[in-house]
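Here's the structure, in structure tokens; my notes come after.
The values are calculated or read from the model by the stated rules, or taken from the named source; none is laboratory data. Remember, it's a predicted structure, so these values are computed and weren't measured experimentally. As a convention, Cβ positions derive from the backbone with ideal geometry for all residues, glycine included, and neighbour counts pool all protein chains shown. Areas reflect the complete protein model, heavy atoms only, side chains present, ligands, DNA and RNA absent. Shrake-Rupley method; radii C 1.70, N 1.55, O 1.52, S 1.80 Å.
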Amino acid sequence: MAEVKVKVQPPDADPVEIENRIIELCHQFPHGITDQVIQNEMPHIEAQQRAVAINRLLSMGQLDLLRSNTGLLYRIKDSQNAGPVSFFLSKMKGSDNQEKLVYQIIEDAGNKGIWSRDIRYKSNLPLTEINKILKNLESKKLIKAVKSVAASKKKVYMLYNLQPDRSVTGGAWYSDQDFESEFVEVLNQQCFKFLQTKAETARESKQNPMIQRNSSFASSHEVWKYICELGISKVELSMEDIETILNTLIYDGKVEMTIIAAKEGTVGSVDGHMKLYRAVNPIIPPTGLVRAPCGLCPVFDDCHEGGEISPSNCIYMTEWLEF
């Protein structure tokens with residue numbers, strides 16, 4: 001009876017495991033490795049799988065591609081860039097494929113993070129297993145959980161060394177997910193006070209009206225510098241934060257803004273333009289109709305009955321009518 005030979009097909013290797021093995025080889029041979037070296041070390045890995053792993057490592061900036069007399073060489077980045085990779089390898093050593101998969105999903109989410117529900121959807125793992133993996137990764141200080149202002153009872157996960165995006169933390173206006181209304185009001189008052197003082201100084205100069213008007217303007221950088229020097233904020237404020245406060249003063253009718261051309265490199269300019277603000281006082285008290293919220297509403301053009309923004313569900317209109 002003829003002998004029947006059965007060809008055993010090796011199981012597909014985990015992509016993360018292939019990448020980690022390639023990085024380890026590069027550390028063993030710091031001058032670079034050829035594709036033949038990789039093939040010899042991983043004979044059961046198909047050429048296509050090796051190519052996908054190498055291309056991913058190149059795109060992530062973990063490997064350099066060099067040309068030599070013997071052909072192409074793959075070399076680990078210099079010591080500065082190799083440090084995090086070595087750190088990752090040491091921390092993930094002994095981890096199973098499921099843990100590496102969850103780590104990769106969280107890494108892809110960047111500094112905006114990802115909810116455990118979305119990790120479950122992408123990994124197709126049971127929730128109990130995901131919770132166990134997340135706890136283990138947190139204990140290794142590979143990832144961290146951050147509370148999101150978008151949902152008070154939910155946490156997003158991101159890599160341990162990342163600074164959370166403003167959309168997650170709420171920026172300077174939030175502290176432990178609570179909106180700091182008193183802090184915003186203090187900033188509002190101080191910004192307006194600075195512009196009022198500048199306007200009064202311009203009027204007292206006794207120069208012609210046009211020069212007085214131009215002198216009463218201040219750039220957002222000047223206002224930002226004034227607030228920083230006051231030391232009233234425990235968090236670091238950006239010019240964008242101050243411009244947000246100034247915009248509320250514009251909506252309240254206390255401040256007006258103009259945009260002028262500015263030379264490249266001028267402090268406070270963006271793309272060759274600079275925003276200037278000045279405090280304004282109405283000559284006569286406005287009539288009731290002019291004081292309606294619609295007059296200064298920034299989404300006036302999007303407001304219509306039956307839409308997401310409409311007069312019937314406008315809280316500002318309701319408060320004005322009650323007043």
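With the whole protein complex present, residue 157 retains an accessible surface near 20 Å², based on a 1.4 Å probe.
Each distinct pair of alpha carbons in region 201-252 adds a 1/r term; the inverse of their mean, the Kirkwood radius, is 12.7 Å.
Its Cα gyration tensor gives region 152-251 an equivalent ellipsoid, and the semi-axes of that ellipsoid, as √(5λ) in whole Å with the largest first, are 36, 13, 11. Computing FRET efficiency as 1/(1 + (r/R0)^6) for residue 66 and residue 46, where r is the C-beta to C-beta distance and R0 is 22 Å, gives about 0.35.
The C-alpha atoms of region 15-76 occupy a region whose extents along the principal axes are 27, 24, 20 Å, arranged from largest to smallest. At full extension, residue 273 and residue 186 could sit 28.5 nm farther apart than now, given 0.36 nm per residue minus the alpha carbon distance. The string of couplings for region 200-208 from the Karplus curve (6.51, -1.76, 1.60, θ = phi - 60°) is 5, 4, 5, 5, 6, 6, 6, 8, 5 Hz, one whole number per residue in order, with x for Gly and Pro. Extending 7 Å from the Cα toward the beta-carbon at both residue 165 and residue 24 defines two label points whose distance is 3.5 nm.
Greater than 28 Å separation of Cα atoms is the criterion. Which listed pairs, 141/225; 112/254; 112/234; 144/234; 132/234; 77/135, meet it?
The pairs that break the limit, which is 28 Å between Cα atoms, are 141/225; 112/254; 132/234; 77/135.
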